[in-house]
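The structure appears below as structure tokens.
The values are calculated or read from the model by the stated rules, or taken from the named source; none is laboratory data. None of the values given here were measured: they were computed from a predicted structure. Glycine gets a Cβ as well: all are built from the backbone with ideal geometry, and neighbour counts include every protein chain shown.
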């Protein structure tokens, strides 16, 4: 086999979508299953999801939320209660119609004709309607509010063009569902939870995000406002990494969530919902991975430090393994952001190069090699995944454990800084329609190359202008940023007056 | 309203099934949903499940397992691959037949006729077949074995007579699925995981269990051996609290999990599967609750200590609340089994009696009242949920926090001791058919009273004897205990020679 320049083929700049699939495979994070559109999340990918779960869950609890669990199935009639909602989800629903199998005339199993459901059930694409029906029973008085509940669950949205972690028929997520006494309180909750997501993305995933509101055309079906965090990945496209919806009284009216107010009136509650999903894993990959594979931010890496014992000769093997396990124990005794550092000693009987490259491709933040020579010299060889594979630091073994928390934080910060620099470099204020079209048009139309970015351009607020751009360029408004400053300008599409710039991009 | 003697009506001895439902309701743990057979797990019930999850998960990881996630849907043809398996589950499968809704001629939503699946999908009742198909791709050589994976998931088994936590159409569980090189190793795994369940039941849930093997008629469909832990609840019936299956090569053959052995031969792997579910919550309730509501073992209680500030007068209110929060912080700084103690200060604007009884019914292990008089005297009033509601201990406020871990352990131990004594009292060696029938026949046939227990009786090994007893008494062999000693005896049914006693009981 000839020496490859990178561990992943093709490289990002050659074929970004294919590079993505190859990183997922090389990092052993997930694979397509035989069930159309459904993925198998493998231990390395699931370990990452578990960390995301635990860390987000702690933030939800710290903001007063509790977890609960609601049914997987939703009667069709529930979905129908909110017109925009059913319209939004009807085309991608998995529908359960029977509750038994039987042997058919051809000797094969089939849904038993005698076991047809009187009302078909939809596998939840999201749970506003079923949870709303439940809250309607729980809420009588203003004293029963607020309800602050989150659910960790699987959901199903039938996908015609599935792509692992990004668009799959089944995915894992959390969905917060809250009900409040006043409009103001519900809006405050919607904003607070978007803030939790933004902080989590920045500090845990090392992914910088823009926070803002969606335009009407991109809103959640049935919502009054959809807030979102938008990240840029390495092909300069946007990915919506989390959303928080202010649902007004729409779902409360549809589900009958009513309460007696402090003034003794019957009123409808104000509700919110907010969620992030396994799509975050796709975001992480596209934001941080390089042409050698995954690069995991230390805070969410399933294994933060990998120790690779180098045992070329039987007579030094014991001593090397002992030193490796001793170092592992010392590192595990260290804490990183309040949790013990996770360490794996890879003692598998494989060549050192093969093992090392496996961990590079998986994106483990720190690799430490210990061999007989290191033992003799009292050193170890430390490699950071955010640096080149050959940039080994030979450091004294004594004190290396104590230094690991700082090294992990440096990697975490470096990943964030790199992603931020990339995003900022590729976010451009664009003021003319001509420049705008040029920005989003690949120079070489044949290759799926990397181009464009975020255009920070004026918009008059007319959905027709959005529509034009979507049709012409497949570019959409990703958000109207919270921090967009008021300024006089002209809509980049039609030239009408505009008071602020919004973010435009191609997106996942 | 007249003074009730107990918080729960009816009492256990009056109507055990109805008492159970009322405890679930009074403890605010779960409720039936509008979706047939599906439950809503409310925050107090789900908090309990989260603790069960985290604690079991740590044990799985300590025994070398990793989590992963497999598809919710299983193609019918997969289920068919193992004959006994499909036979066992076909009658209770939710079947997805369409992937889109559309508006029908009556203006209502219906499954779109044009979106029928070519092969219907079953919502997983258990995942042996879909996971087997995946393992078949992962395993080529003995070097790829063992695979030690667990999944936390929802599963669906259509239930005609649902009962919250005990039998619901959808429930939450974990399913471990492992593949091994040899029969011996797979059997060892099967036994090891049953041991994990037994230890968890005893030490975390305070539920004593018998460990043993199922007779053939009670085996998991497709398994070669099913091991189980069986608990006795307070109507003296048995409940299977966890199972671990040795699947032999059945599923490996059905799914094609093959590997090249150390000797270079193609061989089928040996697999296991093992699971516990939200049924454990039903077990906990029936094992520990009393006529005043739930009693939670401290190790799994969502809130271990509740502080109830008593604030009769506005002028002392501030001082009482301050003392309550200070005590809460002191108790949270204490650890119980390696985790910070969970404390809630209930500051709701409700009468003290109402609040106190809410927490009694929820089963919080320790309640602490602090009022103005306590402040003056430097005491608090501590009540243990395993003792009577009036058995308050007035203890010095100084040092109470430090004493809580021991108090929690005492409660944990007391619950176990009580459950063990109850079980042992109601486990009888029975040697004649007449005594056996008498044991399992209620004295008063009209009332659903508490009777019977575990009969420890000889069995010749003939399935016909089991069948007779099942038909006559609705009693089954719960397990052939691992520790049953070899002795000469006669089958309690037919009188044929028998080498050991087995455990018989009515069951959930």
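Here are some notes:
- Filter result for the condition that a residue is part of a loop (DSSP other than H, G, I, E, B), on the phi > 0 side of the Ramachandran plot and touching a residue at least 12 places away in the same chain (Cβ under 8 Å), over B:206, B:223: B:206
- The residue that is surrounded by the fewest Cβ atoms within 10 Å (Cβ to Cβ), counting only those in the stretch B:93-127 that are in contact (Cβ under 8 Å) with a residue 60 or more places away in the chain and either in a strand (DSSP E or B) or within 10 Å of chain A (Cβ to nearest Cβ) (or both), is B:94.
- Scanning the stretch B:351-370 finds one or more residues that are buried (at least 17 other Cβ atoms within 10 Å of the Cβ), on the phi > 0 side of the Ramachandran plot and not assigned by TED's automatic domain parsing to the domain that holds residue B:200.
- A single entry from A:231, A:252, A:238, A:223 fulfils the requirement of being crowded, with 23+ Cβ neighbours inside 10 Å and out of contact with any helix residue (DSSP H, G or I) (no Cβ under 8 Å at 6 or more places or on another chain): A:238.
- Residue in the stretch B:314-329 that is surrounded by fewer than 22 Cβ atoms within 10 Å (Cβ to Cβ) and under 27 Å from residue B:18 (Cα atoms) present: no
- For residue B:396: the one exception among (1) closer than 18 Å to residue B:296 by Cα; (2) touching a strand residue (DSSP E or B) at 6+ places or on another chain (Cβ under 7 Å): (1)
- Selected residue (criterion: farthest from the other protein chains (Cβ to nearest Cβ)) from residues of the stretch A:134-159 that are part of a loop (DSSP other than H, G, I, E, B) and touching a helix residue (DSSP H, G or I) at 6+ places or on another chain (Cβ under 8 Å): A:146
- Residue list for the stretch B:261-275, filter: surrounded by fewer than 24 Cβ atoms within 10 Å (Cβ to Cβ) and either in a strand (DSSP E or B) or outside the structural domain of residue B:175 (by TED's automatic domain parsing) (or both): B:266, B:267, B:268, B:275
- Flag for residue A:418 being touching a strand residue (DSSP E or B) at 6+ places or on another chain (Cβ under 7 Å) and in contact (Cβ under 8 Å) with a residue 24 or more places away in the chain: no
- In summary, residue A:63 fulfils each of the numbered conditions (1) in contact with a helix residue (DSSP H, G or I) (Cβ under 7 Å, 6 or more places away or on another chain); (2) facing another protein chain (nearest Cβ under 9 Å) with the single exception of condition (2).
- Residue within the stretch B:186-199 that is assigned by TED's automatic domain parsing to the domain that holds residue B:246, touching a helix residue (DSSP H, G or I) at 6+ places or on another chain (Cβ under 7 Å) and surrounded by fewer than 23 Cβ atoms within 10 Å (Cβ to Cβ) present: yes
- Those helices (runs of 4 or more DSSP H) of the stretch B:1-83 in which at least 3 residues are at pLDDT 95 or above, considering only elements entirely within it, cover B:16-26, B:43-62.
- Top-ranked residue of the stretch B:82-92 - restricted to ones that are surrounded by fewer than 20 Cβ atoms within 10 Å (Cβ to Cβ) and more than 9 Å from every other protein chain (Cβ to nearest Cβ), ranked as farthest from the chain's Cα centre (by Cα): B:83
- Across the stretch A:32-46, the number of residues qualifying as farther than 22 Å from residue B:117 by Cβ and either more than 7 Å from every other protein chain (Cβ to nearest Cβ) or touching a helix residue (DSSP H, G or I) at 6+ places or on another chain (Cβ under 8 Å) (or both) comes to 3.
- Selection status of residue A:58, more than 20 Å from the chain's Cα centre (by Cα), surrounded by fewer than 20 Cβ atoms within 10 Å (Cβ to Cβ), under 30 Å from residue B:51 (Cβ atoms) and without any contact (Cβ under 8 Å) to a residue 40 or more places away in the chain: no
Conditions tested, residue by residue: (1) without any contact (Cβ under 8 Å) to a residue 40 or more places away in the chain; (2) in a strand (DSSP E or B); (3) closer than 30 Å to residue A:453 by Cβ.
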residue: A:132; (1), (2), (3): no, no, no
residue: A:161; (1), (2), (3): yes, no, yes
residue: A:189; (1), (2), (3): no, no, no
residue: A:195; (1), (2), (3): yes, no, yes
residue: A:200; (1), (2), (3): no, no, yes
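- Residues in the stretch B:163-172 that are surrounded by 20 or more Cβ atoms within 10 Å (Cβ to Cβ) and part of a strand (DSSP E or B): B:170, B:171, B:172.
- Residues of the stretch B:477-505 satisfying the condition of being touching a helix residue (DSSP H, G or I) at 6+ places or on another chain (Cβ under 9 Å), surrounded by 16 or more Cβ atoms within 10 Å (Cβ to Cβ) and more than 16 Å from residue B:435 (Cβ to Cβ): B:477, B:478, B:479
- So residue B:453, is it at pLDDT 95 or above and assigned by TED's automatic domain parsing to the domain that holds residue B:493: yes
- So residue A:153, is it surrounded by fewer than 23 Cβ atoms within 10 Å (Cβ to Cβ), under 20 Å from residue B:121 (Cβ atoms), in the same structural domain as residue A:224 (by TED's automatic domain parsing) and touching a strand residue (DSSP E or B) at 6+ places or on another chain (Cβ under 9 Å): yes
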